[in-house]
1. Go through (1) surrounded by 11 or more Cβ atoms within 10 Å (Cβ to Cβ); (2) assigned to a helix (DSSP H, G or I) for Glu7 and report which single condition fails.
2. Under 7 Å between Cβ atoms, which residue pairs at least 6 apart in sequence (or on different chains) link something in segment 17-28 that is within 13 Å of Pro41 (Cα to Cα) with a partner that is of a type in the set (Lys, Arg)?
3. Please specify each residue of segment 53-69 satisfying the condition of being closer than 24 Å to Glu7 by Cα and in contact with a helix residue (DSSP H, G or I) (Cβ under 8 Å, 6 or more places away or on another chain).
4. Could you grab the pairs with beta carbons closer than 9 Å, sequence gap of 6+ or different chains, first residue in segment 39-62 and farther than 16 Å from Thr23 by Cβ, second one open to solvent by less than 60 Å² (accessible area, probe 1.4 Å) and of a type in the set (Asp, Glu)?
5. Taking segment 48-66, which residues are assigned to a helix (DSSP H, G or I) and either among the hydrophobic types (A, V, I, L, M, F, W, C) or at positive phi (or both)?
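The values are calculated or read from the model by the stated rules, or taken from the named source; none is laboratory data. Everything quoted here is computed from the prediction, not taken from an experiment. Please note: Cβ atoms are built from the backbone with ideal geometry, for glycine as well, and neighbour counts cover all protein chains shown. For accessibility, only protein heavy atoms count, side chains too; no ligands or nucleic acids. Shrake-Rupley method; radii C 1.70, N 1.55, O 1.52, S 1.80 Å.
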Amino acid sequence: MLKKLFEWCLVNFTSDEYLRENTSNTQYIIDLYSTFLNRLPDTEDLNYWTGELAAGMPRSVVLFTFMFM
């Protein structure tokens, strides 16, 4: 089951279609919250994660973090 989730996330969040959307860091975090936590991020969480991305944390690391929350 976990393997299937892992594969689905990698396919969807790294697909050409998703990457062509050229989502902002804010939208990327909103997408992750919607997918994994079934809610929108609060302001504090959104600021934290977008700050991490702005500081150079790769999106893949954020994605893997969400997968194991």
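1. (1)
2. Tyr28/Arg59
3. Correct list: Leu53, Arg59, Val62, Leu63, Phe66, Met67, Met69.
4. From residues that are farther than 16 Å from Thr23 by Cβ, the pairs are Val61/Glu52.
5. Within segment 48-66, Trp49, Leu53, Ala54, Val61, Val62, Leu63, Phe64, Phe66 qualify.
The rows are residues; the columns are (1) open to solvent by 60 Å² or more (accessible area, probe 1.4 Å); (2) modelled with pLDDT of 95 or more; (3) touching a Gly at 6+ places or on another chain (Cβ under 7 Å).
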{"residue": "Lys3", "(1), (2), (3)": "yes, no, no"}
{"residue": "Val11", "(1), (2), (3)": "yes, no, no"}
{"residue": "Thr14", "(1), (2), (3)": "yes, no, no"}
{"residue": "Leu19", "(1), (2), (3)": "yes, no, no"}
{"residue": "Thr23", "(1), (2), (3)": "no, no, no"}
{"residue": "Ile30", "(1), (2), (3)": "no, yes, no"}
{"residue": "Asn38", "(1), (2), (3)": "yes, no, no"}
{"residue": "Glu44", "(1), (2), (3)": "yes, yes, no"}
{"residue": "Glu52", "(1), (2), (3)": "no, yes, no"}
